[in-house]
Protein chains: 2
Amino acid sequence: MELWYTEYQTKNLGLTARIKATLYTGQSEFQEVAVVDSYQFGRMLVLDGVFQTSIFDEFIYHEMIAHVPLFAHPNPQTVLVIGGGDGGTIREVVKHQSVEVAEMVEIDGLVVDVSKKYLPEISVALNENHPKLRLKIGDGIKHMQEVENKYDVIIVDCSDPIGPGEGLFSHAFYQDVYKALKPDGLFVQQTESPFYHQELIKRLKQDIASLFPVTRLYLANIPQYPSGLHCFTIGSKQYDPVTADIARIPENFGTRYHNREIQKSCFALPNFVQELVK
Amino acid sequence: MELWYTEYQTKNLGLTARIKATLYTGQSEFQEVAVVDSYQFGRMLVLDGVFQTSIFDEFIYHEMIAHVPLFAHPNPQTVLVIGGGDGGTIREVVKHQSVEVAEMVEIDGLVVDVSKKYLPEISVALNENHPKLRLKIGDGIKHMQEVENKYDVIIVDCSDPIGPGEGLFSHAFYQDVYKALKPDGLFVQQTESPFYHQELIKRLKQDIASLFPVTRLYLANIPQYPSGLHCFTIGSKQYDPVTADIARIPENFGTRYHNREIQKSCFALPNFVQELVK
């Protein structure tokens, strides 16, 4: 008997993956949490039925959401990750020598627990309780309201703008992010697919540009996400990521996707994407 | 009643699209030819059950397979397209002022006829019988054996390496391509997904590098193709596409994906892709 799970990426399109086994299902206060083992992608974290990350391609999302903003800042020391309960983003953040403190605020403790058990390759920094890590289970929106002038880089590693992630895509949240950043700080957020979420991307770009003098969109190829093309939006108080000094990126940083050329080329936008954010 | 069509991109992964209507199905000497109208991608050409092109995203494939090699050559005048029966590649080729003759050799006349009727936005240069176009219905492999020192650029716009396209992925074919090119000529071929077709890409790169002094891989994001990331391989007798003069690319070339920055950035490869072709 073949088992297939279909994620409906839009109401008219699905990605269907052959499943070896369901390793875990549970319900937290916030969402349904599942881990399945798939033939194509290996083990996958699934929240409310939506693929979040997989052993096969997680390196792309996690490297690109972490290294692009961190190498856009000349000396990131204090970094905050909002969300990112699987630990993949924190795993990449702590690789940066300049980083002294890597805080993480994840709303759903069950995601952390399940990732530590079923996705140890991804959650390694959580399992090891890495010395730079400060993990807090709590509401990222509330945390952001309470801090001021603290972070060099904030990484909003959230799920889709429905469910627990919804408030992380609001103007009020971006105001708090601005306040929580140091005077030369910058932040990044995953902002979905330039093919299927164009209205969202336009709105976020306008929201962020109304607060931050520098806003930039960049791209990465992530096969398990809708359309395979994913974008990230940076809001920066001072540094322009496009002119970052790529010579600072170590030649052998242990990455499988990111490198010096990708740090630059990810900001090159096809015409139809330029149209969205101009 | 909802109709869905699933293309199995690998044996463990499918893309499933909600279908409005089947507009055409027929059987040629070579393959099953179908046109469906889908909600997500609009009208789609389907050959032997595999999505070939769609109104929604065809511009990406056709712009990238045509403009990247044509702008890598300083003065392409005589161009050959092998395959490309839907006409999308020829539509882009004839936009280049330097191009005087755009030959096209497509094996399956039914693909041309069906595209002219159901995909006129794509087949426009065929429908208009563009003055630069020389269309021949015939075997591209045989055509290549018969010509010598003729073309500036050859574009191999083929389907997957099974079925009628199979012989276009062979060492013998690349030898004929080399012979058919002028002494400073170059060719390009679509070479599938860097995520799901790694062995194929490695083998083709080696085959092409054994004949051509310059070989380069480049990338484009095509949501309807497996993994959403597609690659193209260039074999060149003289010019290195990476150092092409992008200032020659007109600012307003009427493209929706390709532009000066993309012409450069498409050659920036993630580490895992560099590994495949080193």
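Here chain B is treated with +1 on each Lys and Arg Cβ and -1 on each Asp and Glu Cβ, and its dipole about the Cα centre works out to around 500 debye.
Straight-line reach from A:LYS205: taking Cα to Cα under 22 Å and skipping same-chain neighbours fewer than 8 places apart, the lysines in range are A:LYS179, A:LYS182, A:LYS237, A:LYS264, A:LYS278.
Each residue of segment A:73-81 was assigned a 3J(HN,Hα) from its phi angle through the Karplus curve 6.51 cos²θ - 1.76 cosθ + 1.60 (θ = phi - 60°); the sequence is 9, x, 7, x, 10, 10, 10, 10, 10 Hz, with glycine and proline shown as x. Among the GluC sites (Glu not before Pro) in segment A:1-82, those located in a DSSP loop and surrounded by at most 16 other Cβ atoms within 10 Å of their own Cβ are A:GLU2, A:GLU29. The Cβ shell under 13 Å around A:ASN75 holds other residues with a net charge of -2, Lys and Arg each +1, Asp and Glu each -1.
With the simple spin-label model, which puts each label point 7 Å out from Cα in the Cβ direction, the A:LYS179 to A:LEU23 separation comes to 4.0 nm.
Counting Cα-Cα pairs of segment A:3-54 in 10 Å increments starting at 0 gives whole-percent bin shares of 26, 55, 18, 0. When the alpha carbon coordinates of segment B:144-215 are projected onto the principal axes, the ranges are 35, 26, 17 Å, largest first. Annotation: the protein assembly as shown has a Kirkwood hydrodynamic radius of 24.6 angstrom, from the mean reciprocal C-alpha pair distance. Between identical copies, the spacing of B:ASN129 label points, each set 7 Å from Cα toward the C-beta atom, reads 8.0 nm from nearest to farthest.
Report the far tail of the P(r) of segment B:214-273, meaning the percent of Cα-Cα pairs longer than 17 Å. So the pairs more than 17 Å apart make up 48 percent of the total in segment B:214-273.
Legend: ranking of residues B:VAL124, A:VAL94 from fewest to most surrounding C-beta atoms inside 10 Å; resulting order B:VAL124, A:VAL94.
Neighbour counting of Cβ atoms within 10 Å sorts the residues A:THR6, A:THR16, A:THR191, fewest neighbours leading, into A:THR6, A:THR16, A:THR191. Overall, the ratio between the Cα radius of gyration of chain A and 2.2 N^0.38 Å, rounded to two decimals, is 0.94.
Within chain A, antiparallel bridges make up roughly 65 percent of the DSSP beta bridges whose residues both belong there. Every helix of 4 or more DSSP H residues in chain A counts as -39500 (n - 2.57), and over all residues that averages to -7500 deg cm²/dmol at 222 nm. The H on the amide N of A:GLN9, modeled in the peptide plane, is under 5 Å from the matching H of A:GLY14, A:LEU15, each at least 5 residues off or on a different chain. Under the convention that each Lys and Arg Cβ holds +1 and each Asp and Glu Cβ holds -1, the size of the dipole of segment A:3-54 around its Cα centre is about 260 debye. Under the combined filter of DSSP loop state and at most 13 neighbouring Cβ atoms within 10 Å, segment B:172-257 retains these GluC sites (Glu not before Pro): B:GLU251.
Taking the DSSP beta bridges with both ends in the protein assembly as shown, the antiparallel portion is around 65 percent.
Distance between the modelled labels on B:GLN238 and A:ILE246, one decimal in nanometres: 2.9 nm (7 Å Cα→Cβ projection). Counting only whole DSSP H helices of chain A, the ones at least 18 Å long by C-alpha along their axis and with mean Kyte-Doolittle hydropathy no lower than 0.0 are A:58-72.
Here A:LYS237 yields copy-to-copy label distances, from shortest upward, of 5.9 nm, the label point defined as 7 Å from Cα along Cα to C-beta. Rounded to the nearest 20 debye, the dipole magnitude of segment B:57-166 is 360 debye, with +1 charges on Lys and Arg beta carbons, -1 on Asp and Glu beta carbons, and the Cα centre as origin. Sorted fewest first by neighbouring Cβ atoms within 10 angstrom, A:ARG256, B:ARG134, B:ARG216 come out as B:ARG134, A:ARG256, B:ARG216. Taking label points 7 Å from Cα along the Cα-to-Cβ direction, B:ILE162 and B:ASP139 give a separation of 2.3 nm.
Here the calculated FRET efficiency for A:SER98 and B:TYR39, from their Cβ-Cβ distance with R0 = 60 Å, stands at 0.80, rounded to the nearest 0.05. Rounded to the nearest 0.05, the FRET efficiency derived from the C-beta distance between A:GLN206 and B:GLN198 at R0 = 45 Å is 0.65.
Throughout, read-outs are computed from the coordinates displayed, never taken from laboratory work. Treat the numbers as computed from the prediction; the structure is a model and nothing was measured. Note: ideal-geometry Cβ built from the backbone for every residue, glycine included; neighbour counts use all protein chains shown.
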